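Read the structure below first, then the notes.
The values are calculated or read from the model by the stated rules, or taken from the named source; none is laboratory data. As the structure is a computational prediction, the values presented were derived from the model and not from experiment. For neighbour counting, all protein chains shown are included, and Cβ atoms are generated from backbone atoms with ideal geometry for every residue, glycine included. Surface accessibility is based on the protein's heavy atoms, side chains included, excluding ligands, DNA and RNA. Shrake-Rupley method; radii C 1.70, N 1.55, O 1.52, S 1.80 Å.
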Amino acid sequence: MAMAAATNFCASASISSTKKTTPSLQGRTCSLPSTHHHFLSAGRRPARLSVTATAAPPSAVPQVDGATTSGKASKALPFRVGHGFDLHRLEPGYPLIIGGINIPHERGCEAHSDGDVLLHCVVDAILGALSLPDIGQIFPDNDPKWKGAASSVFIKEAVRLMHEAGYEIGNLDATLILQRPKLSPFKEAIRANLCELLGADPAAVNLKAKTHEKVDSLGENRSIAAHTVVLLMKK
């Protein structure tokens with residue numbers, strides 16, 4: 001008799017567990033079969049759970065200093081980081097201007113403006129840190145008023161936007177990549193001019209120059225490139 005009762009109980013529990021009741025929300029209760037069926041004495045039904053479902057509050061969008069992370073980052077951030085990259089083709093008949101300094105060379109940057117690869121790169125790094133459009137959108141190369149323009153105009157505008165947003169240069173690290181000419185004799189003049197344009201302490205601005213080991217257009221002296229990383233600090 002005990003074995004028959006246990007068999008009937010197991011069959012009853014199996015049938016009960018296949019019946020699923022979809023939980024409802026807003027404080028209603030629903031019964032769900034227990035996930036653990038203990039061996040009970042004959043004639044007893046398995047325990048059932050009573051679950052109360054409550055509606056979760058609308059999920060809030062994560063906030064960063066009062067601004068949603070889904071939109072533009074808040075200007076109240078204590079610091080912001082930006083990266084800039086630029087590359088120009090080198091062609092005969094153009095001046096080679098780097099960081100506002102004219103470098104003697106048989107080739108220069110072909111560009112709509114003066115083709116200053118370093119200043120263009122720095123501008124993009126600052127704009128990127130501020131979550132603003134890049135240099136090509138703010139100073140389009142199909143606008144006649146920028147034809148042959150000195151890139152100092154672009155960097156002064158980037159600095160104005162930086163101050164307007166309440167930031168200043170924390171530090172800046174730039175790398176120039178070109179095969180020729182060697183920039184060692186000009187590095188300090190370039191760095192000093194860059195510091196002046198940025199209104200930055202010389203200790204906060206670093207400049208490196210590297211060759212490209214004669215690889216691709218950079219190594220074959222057909223182009224010049226620059227990378228810049230900038231840290232902006234809240235005033």
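Where in segment 120-174 are there trypsin sites (Lys or Arg not before Pro) that are in a DSSP coil and have at most 11 other Cβ atoms within 10 angstrom of their Cβ?
Hits after loop and neighbour filter: Lys147.
Could you sort 212-220, 176-184, 190-198, 109-117 so that the peptide with the highest average Cβ count within 10 Å comes first and the rest follow in order?
Values: 212-220: 13.1, 176-184: 17.0, 190-198: 18.8, 109-117: 21.8.
With the highest mean Cβ count within 10 Å placed first, the list reads 109-117, 190-198, 176-184, 212-220.
Charged side chains reduced to their Cβ positions (Lys and Arg at +1, Asp and Glu at -1) give segment 121-235 a dipole of some 300 debye around its Cα centre. Computed from the C-beta positions of Ile138 and Val81 and an R0 of 22 Å, the FRET efficiency is 0.65 to the nearest 0.05.
In segment 154-205, taking the dipole from charged Cβ atoms about the Cα centre, the farthest positive-side position among Thr175, Cys195, Ala165 is held by Thr175. Quick check on my link table: of Lys156/Lys210; Lys147/Lys235; Lys214/Lys234; Lys182/Lys234, which ones sit more than 32 Å apart, alpha carbon to alpha carbon? Violating the 32 Å limit, Cα to Cα: Lys147/Lys235; Lys214/Lys234; Lys182/Lys234.
Using the 1.4 Å probe convention, the accessible area of segment 137-222 works out to 55 Å² per residue with neighbouring protein chains retained.
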